[in-house]
1. I'd like to know if segment 114-122 contains one or more residues that are more than 12 Å from residue 90 (Cβ to Cβ) and within 14 Å of ligand 1 (Cβ to nearest atom).
2. Would you be able to tell me the number of residues in segment 220-248 that are within 16 Å of ligand 3 (Cβ to nearest atom) and either farther than 22 Å from residue 155 by Cβ or part of a loop (DSSP other than H, G, I, E, B) (or both)?
3. All but one of (1) over 19 Å from residue 272 (Cα atoms); (2) in contact (Cβ under 8 Å) with a residue 40 or more places away in the chain; (3) within 16 Å of ligand 2 (Cβ to nearest atom) hold for residue 91, so report the exception by its number.
4. Does residue 269 fit the bill of being touching a strand residue (DSSP E or B) at 6+ places or on another chain (Cβ under 6 Å), assigned to a helix (DSSP H, G or I) and over 28 Å from residue 193 (Cβ atoms)?
5. From the set of residues in segment 105-128 that are in contact (Cβ under 8 Å) with a residue 60 or more places away in the chain and within 19 Å of the chain's Cα centre (by Cα), which is nearest to ligand 2 (Cβ to nearest atom)?
6. How many residues does segment 62-78 contain that are buried (at least 18 other Cβ atoms within 10 Å of the Cβ) and not in a strand (DSSP E or B)?
7. If I go through segment 249-266 residue by residue, how many of them are surrounded by 16 or more Cβ atoms within 10 Å (Cβ to Cβ) and either more than 13 Å from ligand 1 (Cβ to nearest atom) or in a loop (DSSP other than H, G, I, E, B) (or both)?
8. Residue 194 versus (1) within 22 Å of residue 132 (Cβ to Cβ); (2) at pLDDT 90 or above: which is the lone unmet condition?
Ligand code: C2E
Ligand code: CA
Ligand code: CA
């Protein structure tokens, strides 16, 4: 609350539980930030495990307060989920990412996928598919270059008939990725049912994989099964060369992580694109 609250809230601070107060202040500030266009996207490249070339980017939401202070996504995104703010924000993310992808495409960067995170709350909307379709039309985004990243809990949720919506999205030509695979409850069998074509191995599995034998066998088994199902495998959170070498050796198709690139603002992404084109 330090950076977000003002002195006028002082009295309430003493009455409300500190956490509750912080949440309330942050929710208020986030709502305002969204209305005042203070949210932005960073982009993190995904590279081919084979040759390190950029094959896609993931759009990641960022928030800087008026004073320029970045707010940790691990704090404000869960809050946006709980309050439902993630629904309008997520729609803005999708529109902005598609628009950006089209601009990059026009400047000659062809065939690079744009991956966008979709909250379970968005998927629960009755008209989610129509909304996505409208954004595709509005931005002239090519569906096959759009990758929607969903979580296991969203996909297997009974609310809102997620499975049939995923099938409709697939029918539009959009690609689907299962984010953070391994941390939830879904199985590889589920992935087939949902029409998921890409599996992102959870960062928690990648961490220490080179040093931990049992973890390494789990990841190896996941990769083997996924590739036998014809799924594209992305490893995220790759920070060390040893992790990269291991992941490449077990058949991971793509790597996303600090070892190659950190998430960056669009200007830096453009710089990178120019350099890799020349
Ligand atoms: P995620 O979808 O699993 O995104 C990957 C996260 O891992 C990002 O964190 C990214 O910055 C971080 N990361 C990438 N490479 C490395 C690495 O090598 N090491 C480490 N330690 N971290 C790495 P970020 O941007 O803080 O986002 C956190 C989470 O917030 C995301 O996890 C996603 O669940 C959520 N999120 C971000 N943007 C959006 C959005 O637009 N909509 C929704 N619904 N959720 C979002
Ligand atoms: Ca993601
Ligand atoms: Ca992830």
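The values are calculated or read from the model by the stated rules, or taken from the named source; none is laboratory data. Given the structure is predicted, the values throughout are model-derived calculations rather than measurements. Backbone-built Cβ (ideal geometry, glycine too); neighbour counts: all protein chains shown.
1. Within segment 114-122, the subset more than 12 Å from residue 90 (Cβ to Cβ) is 114-115.
Among the residues that remain, those that are also within 14 Å of ligand 1 (Cβ to nearest atom) are: 114-115.
The answer is yes; a qualifying residue exists.
2. Selection size over segment 220-248: 6.
3. Of everything listed in (1) over 19 Å from residue 272 (Cα atoms); (2) in contact (Cβ under 8 Å) with a residue 40 or more places away in the chain; (3) within 16 Å of ligand 2 (Cβ to nearest atom), residue 91 misses just condition (3).
4. Details: touching a strand residue (DSSP E or B) at 6+ places or on another chain (Cβ under 6 Å): yes; assigned to a helix (DSSP H, G or I): yes; over 28 Å from residue 193 (Cβ atoms): yes.
Answer is yes for this residue.
5. Among those residues, the one meeting the criterion is 117.
6. Of the residues in segment 62-78, the ones buried (at least 18 other Cβ atoms within 10 Å of the Cβ) are 63, 71, 76-77.
Now restrict to residues that are not in a strand (DSSP E or B): 76-77.
Qualifying residue count for the region: 2.
7. Of all residues in segment 249-266, those surrounded by 16 or more Cβ atoms within 10 Å (Cβ to Cβ) come to 250, 252-257, 259-261, 263-264, 266.
After this cut, where a residue has to be either more than 13 Å from ligand 1 (Cβ to nearest atom) or in a loop (DSSP other than H, G, I, E, B) (or both) as well, the list is 250, 252-253, 257, 259-261, 263, 266.
The qualifying residues number 9.
8. (2)
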